[in-house]
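Everything below concerns the one structure shown next.
The values are calculated or read from the model by the stated rules, or taken from the named source; none is laboratory data. None of the values given here were measured: they were computed from a predicted structure. We place every Cβ from the backbone using ideal geometry, glycine too, and count neighbours over all the protein chains shown. To get the accessible areas, we keep the full protein, side chains included, count just its heavy atoms, and leave off ligands, DNA and RNA. Shrake-Rupley method; radii C 1.70, N 1.55, O 1.52, S 1.80 Å.
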Amino acid sequence: MGETLSTTSPENKPQSQTQRAVMLLREMVISNKLLPGSNHLEAELAEMLGMSRTPVREAAIILEGQGLVEVRPRRGIRILPISPKDMEEIYSILTELESLAAHDLAVKGLSEDELNELRSHIDEMEKALGRDDRQLWAQVDDRFHRRLIQLAGNRRLESIVSTYSDQVHRARLLTLYIRPAPHKSNADHRALVEAIAAGKADEAREIHRQHRIKAKELMIELIASHGFSAI
């Protein structure tokens with residue numbers, strides 16, 4: 001029987017079995033514990049998660065709507081592969097939305113505490129790269145991007161970006177050790193934060209736009225050349 005986790009959220013509110021199944025199954029998909037292209041029966045996943053099949057089925061339907069799995073009646077659940085076309089579409093959306101958030105942050109301004117929080121994420125990423133701990137770098141990079149969007153204060157934008165960020169994070173973890181060390185990514189992050197701090201909205205937008213365009217090009221190249229879309 002799979003390891004079980006607490007059934008309370010960070011706010012200590014009880015979770016339903018379906019909410020818990022969504023949380024656990026999503027983590028297994030985006031961390032690639034369930035590999036892209038793999039197939040699983042509901043009963044298999046239910047045993048892994050330590051719960052009945054009904055919440056697993058309901059969770060799979062929710063994750064299908066987020067583009068992470070495919071629910072196939074009487075054939076189980078397929079973890080969707082990662083294709084170059086997927087990354088092209090997803091990064092194109094993230095590029096425009098995150099660049100807008102960067103622009104808006106520079107216009108409205110951030111407190112010194114908020115700026116220092118973003119800088120601390122960059123420092124942590126640089127330390128992780130110094131130890132060649134790319135798993136930690138990817139985790140903090142994900143937190144940096146999500147926090148950037150949260151600070152923009154646009155909940156609809158945050159909801160859209162969060163859905164697609166899961167898919168990008170999944171692809172990033174697959175390619176972590178076949179890509180060049182992401183020192184340039186850290187430099188981009190630092191330049192972005194300083195542009196926001198200086199209130200340079202157009203510069204912040206362009207820095208982040210170019211950052212995401214370069215990330216898209218690299219990700220598509222790695223996925224295409226290493227066959228991850230056919231796993």
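Quick notes on this structure:
- Residues that are more than 16 Å from His183 (Cα to Cα), buried (at least 22 other Cβ atoms within 10 Å of the Cβ) and modelled with pLDDT of 90 or more, drawn from the range 205-231: Arg205
- Checking each residue in the range 77-121 for being outside any helix (DSSP H, G or I) and of a type in the set (Val, Ile, Thr) picks out Ile77, Ile79, Ile82.
- Of the criteria (1) within 26 Å of Pro182 (Cα to Cα); (2) touching a residue at least 24 places away in the same chain (Cβ under 8 Å); (3) among the hydroxyl-bearing types (Ser, Thr, Tyr); (4) open to solvent by 30 Å² or more (accessible area, probe 1.4 Å), which one Ser120 fails: (2)
- Single residue of Ala181, Ala187, Ala191 found to be without any contact (Cβ under 8 Å) to a residue 60 or more places away in the chain and more than 16 Å from Ile213 (Cβ to Cβ): Ala181
- Leu105 among the aliphatic types (A, V, I, L, M), more than 27 Å from Glu217 (Cβ to Cβ) and surrounded by 15 or more Cβ atoms within 10 Å (Cβ to Cβ): no
- Beta carbons closer than 6 Å, at least 6 apart along the sequence or on distinct chains, pair a first residue in the range 28-54 that is at positive phi with a second that is surrounded by fewer than 18 Cβ atoms within 10 Å (Cβ to Cβ) and not β-branched (Val, Ile, Thr) for Asn32/Leu173; Gly37/Pro81; Gly50/Met1; Gly50/Gly2.
- Being in contact with a Pro (Cβ under 6 Å, 6 or more places away or on another chain), at pLDDT 90 or above and crowded, with 17+ Cβ neighbours inside 10 Å holds for only one residue in Ala46, Ala21, Ala60, and it is Ala21.
- For the range 28-67, filtering for residues that are under 19 Å from the mean Cα position of the chain (by Cα), part of a helix (DSSP H, G or I) and of a type in the set (A, V, I, L, M) leaves 7.
- Taking helices (runs of 4 or more DSSP H) as the structural unit, those lying wholly within the range 125-231 and holding at least 3 residues that are closer than 19 Å to Leu97 by Cα and of a type in the set (D, E, K, R) correspond to 134-152, 155-175, 201-226.
- All of (1) within 20 Å of Ser185 (Cβ to Cβ); (2) outside any helix (DSSP H, G or I) hold for Arg74 with one exception: (1).
- Within the range 59-79, being under 20 Å from Ser159 (Cβ atoms) and free of Cβ contacts under 8 Å to residues at least 60 places away in the same chain holds for Ala59, Ile61, Ile62, Leu63, Glu64, Gly65, Val69.
- Filtering the range 63-79 to residues that are hydrophobic (A, V, I, L, M, F, W, C) and surrounded by fewer than 18 Cβ atoms within 10 Å (Cβ to Cβ) leaves only Val71.
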